[in-house]
Each structure stands twice: as C-alpha cells, then as structure tokens.
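Working notes for the structure below.
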Amino acid sequence: MADFLDTPASNKLERAFLVGVQTPDMAPGEGAELLGELAELVENLRLTVTRQTLVNLRQPTPALLLGSGKAEELAEQAKADGADVIVFDEALSPAQQRNWEKLSGLAVIDRQEVILEVFADRAHTREAVLQVALARMEYSLPRLTRAWTHLSRQRGKGAMGGEGETQLEQDRRIVRDRITHLKAELAEVRKQRSTQRRRRQRVPVPTSAIVGYTNAGKSSLLNSLTGASVLAEDKLFATLDPTTRQLQLRGNQKLLVTDTVGFIRRLPHGLVEAFKATLEEVVVADFLVHVLDVTNPNVAQHHETTLAVLRELGADEKRTITVFNKADAADDEARQRAHRLDPHGLLVSARTGQGLEQLVDRCLELIADSLGASILLIPHGRYDIVARFHEVGHVQHEEQRDDGVFIQGRFPPSQAGIFAPFVLAANDPRAAPRETPV
C-alpha cells in the first residue's frame, strides 16, 4: 500500500481535519475520548491537526457515512482550514472513501489507516515489518481504485478492458501475490519462533507476558523489573517487537517476562490477525501481567479493550495480575477508580519502584501454585540434581545435613522423573526441617 502521506489528492500531506462520531450505542462522551485519541495518533505521524469536529450520528448512510448536507458542510470547512487530509475516527468503506475524496477534493482516510501507518513507522525487526506489510496490503486491496483516479476505468467494447481497468487488475494481482508471499514469510517466522520457544522449554522456566493498553508503561515496567533497556517513550506504540528478559526472583527462582505490543480501541482486525505471531507469547505464557495507566480517566475502557483482544486470542482465561502503573502520579480519585475496577490490583510505579516488591511476591505466588510441592533429600554426591532444582524449581527452604541436601520447594510436573528418587514421604521423620525456614 502506498503511503497515504503521498496520495494522488496531495503530494505532501501536512494538515489534518479530524471527524469523530457519537452514536446512540456509545457511552456518553466516548466519541470525544476517541477523537482525542485519534488526534494523538495523527500527531504521531507528524501531521498538524487543524480542527477536531464531533458529529452526532443517529444512522450511518451507505454513501458518505454522514448525511449529504453535513458532509458538504465538513468538506467546505476542511478546505477553508487549509487541510490536506480529512481523517475519520470511524471505519470507512472503500466506496465511502472514494465519495468523500470526490466531494472534498482532499485525501480522506480513516482510523484504521492511521493506525496502520503508525505501526509501519514503528516497525523495525523483520517480523514486525512483515506483519505490518501484510495488514497494509490486505487493507489496501479493496481500495486500489483510489490509486488510479488519473486513468480511464471504462471497460472497452471488446475482450480487453480500458487502460485504467487493465492497470487496476495488474495491480490487484501484484498485491494478491504479495499477500501470499508475506503469509509464507510470516509462517517461516512463526516456525523459527516456535523453535526458539522449544529450546527455552528444555529448561522449563515459568513465563509471563506483559499486556495492556498502549502507552500504559509496559516497557518501563519490564525495564524496572529486569534491568533491561527496552525502548520506553511517552507515545503510542513506541515499540512493536516482543522483548523477553529474565527476572531473578527469591529462592533462585527464574521468570521469563515478555513485553508485548500495546492494544488500542478499534484496533484493525487485520492487525490482530497479522500480529498473531507476536502475540503467541501471550497465548503460551503461564500467566499475564495486565498493566493499566492509573492516571488515565479512561482506564476502565482501556481495561475492557485489552480483555477484548485477549478473548480474540483465546487467552482471556489465563491467570492475570492486574497492575495499575504510574501510582506516583495518582490522586485519591484515580486510586478509588482503580480499586473499583479491580480490588486486588496492585498500585505500582515503574519510574520510582513503588509496589514492585509486591508484584514480585504475586509472581512468586502464581509460580508456586503451578508447581508441585515436595520435600527432597539429595545425596551430597548429586549436586547436579541440586543445581537442576535451583534451575527449574522454586526453593522455599534449603539446609545442609550430614546425609544430604534437604530442600523444600516446588518443581514443574514435567521434571518429576528427575526428582522423584529423592522425594521424601510426608510421614518420613527426615521430612521435617531442622533449621528455621527463612
């Protein structure tokens, strides 16, 4: 898909006129909130917003979404403001886009196209670039006629079509071939990621995935927990690529933590599909850390948006720790709002470190719940087994004895074959600790 910043309607787009809608089925004020979010998305593309207009829409029309009178009024206003592009917060059909461009003489795009362009601007790794390219191609296929307004699209009398029709069909064929090629490349990426995951699972370390609304502070939280240096900026979709880092917990317990792409309301379905390879980390994680910006007044909508995407991925039933980030900037109203949303949620600050210890404790609890509790006595000659337990299990208490190393802890069921010979029965007199557990 050609970059919309270089469209036939304008060689260089710099000024955007935004149109949002409030429909009867939307919550009061939701249209204004979404329009403000659209403005931030557009500004991320280095466009200047000339005006934001919210329209009360009772019933959409097939031709222009809005009524013809309102459409003409907005088109004239956009031109009077010197706008180069009209941006709708609602999804427009290809026919509606064409009709608006014909009416206004300006480039016309919708929220989906803006999000696709922001994603394209942020993609860096091969995987992210492929995923964005696929979503853009699938979005552009039914809209290719917009790129050929300078050619004739009248079908000829014979078997051959007119000049424009021929070019259009060639372009569609190129795009379809590109989509097929991108899907094949992404399948190879998924295969490679699956191989990497299997290698990690040979040493079964618990895994968690950080999910949440974009710009909630997920990357900052990963950095604070693990000492990583993942890009963390105050802008939407600062990073698209999943990053996995190891977190060392108490008792020599290890945890792999993966930062994932942020979610957003009205995320194009094609992007969810294209990003399945990235979001597989969410599906296979042992538990999720759902990060929310406690200072954002729309935190409840952000919470529901993330849950909706998790449902689409089939990951909504996973054990989840709810984390309200930016607690250092939260007032009493924000804290009360968070408590109403999830009374068990944790108030933390990735910037100051507030609440991170409680988050680590909660992670340890979830890991312990998933492992089998056991008491082992391992002979001194089998320190390889002791080392293995420290590597894959969770040590709750350990002491040196004359007859071996006494360990109270938990380990994955998949490792039972290794540790079973050293497990003590509950009624074994040696099963009681002699030292006071720390």
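The values are calculated or read from the model by the stated rules, or taken from the named source; none is laboratory data. None of the values given here were measured: they were computed from a predicted structure. All Cβ positions, glycine included, derive from the backbone under ideal geometry; neighbour counts span all protein chains shown.
Residue by residue, here is whether (1) under 26 Å from Pro206 (Cα atoms); (2) among the hydrophobic types (A, V, I, L, M, F, W, C); (3) in the same structural domain as Leu225 (by TED's automatic domain parsing) holds:
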| site | (1), (2), (3) |
| --- | --- |
| Pro268 | no, no, yes |
| Val299 | no, yes, yes |
| Gly314 | yes, no, yes |
| Thr320 | yes, no, yes |
| Asp332 | no, no, yes |
| His339 | no, no, yes |
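In the stretch 350-372, how many residues are on the phi < 0 side of the Ramachandran plot and more than 23 Å from the chain's Cα centre (by Cα)? Qualifying residue count, the stretch 350-372: 13.
Looking at Glu304, Glu280, just one residue is without any contact (Cβ under 8 Å) to a residue 12 or more places away in the chain and either touching a Gly at 6+ places or on another chain (Cβ under 8 Å) or part of a helix (DSSP H, G or I) (or both), and that residue is Glu304. Restricted to the stretch 95-153, and to residues there that are surrounded by fewer than 17 Cβ atoms within 10 Å (Cβ to Cβ), among the small types (Gly, Ala, Ser) and modelled with pLDDT of 90 or more, the residue that is nearest to Ala78 (Cα to Cα) is Gly105. If you go through the stretch 227-252 and pick out every residue that is assigned to a loop (DSSP other than H, G, I, E, B) and at pLDDT below 75, you end up with 15.
When restricted to residues that are surrounded by fewer than 16 Cβ atoms within 10 Å (Cβ to Cβ) and either polar (S, T, N, Q) or more than 18 Å from Ala83 (Cβ to Cβ) (or both), the stretch 41-57 contains 2.
Taking the stretch 421-438 as the range and being surrounded by fewer than 18 Cβ atoms within 10 Å (Cβ to Cβ) and farther than 14 Å from Ala373 by Cβ as the test, the residues that pass are Pro421, Asn427, Asp428, Pro429, Arg430, Ala432, Arg434, Glu435, Thr436, Val438.
For Val360, indicate whether it is modelled with pLDDT of 95 or more and either in the same structural domain as Gln253 (by TED's automatic domain parsing) or surrounded by 20 or more Cβ atoms within 10 Å (Cβ to Cβ) (or both). No; evaluated as a whole, the condition is false for this residue.
Do we have any residue at all in the stretch 353-365 that's touching a Leu at 6+ places or on another chain (Cβ under 6 Å), free of Cβ contacts under 8 Å to residues at least 60 places away in the same chain and assigned to a loop (DSSP other than H, G, I, E, B)? Yes. In this structure, does Val291 turn out to be of a type in the set (Val, Ile, Thr) and out of contact with any Asp or Glu (no Cβ under 9 Å at 6 or more places or on another chain)? Yes; evaluated as a whole, the condition is true for this residue. Within the stretch 83-91, identify whether any single residue is buried (at least 22 other Cβ atoms within 10 Å of the Cβ), within 22 Å of Arg266 (Cα to Cα), in contact with a Gly (Cβ under 6 Å, 6 or more places away or on another chain) and modelled with pLDDT of 90 or more, and answer yes or no. Yes - at least one qualifying residue is present in the stretch 83-91. Filter the stretch 323-356 down to the residues that are surrounded by 20 or more Cβ atoms within 10 Å (Cβ to Cβ) and β-branched (Val, Ile, Thr) and list them by number. Within the stretch 323-356, Val323, Val348 meet the criteria.
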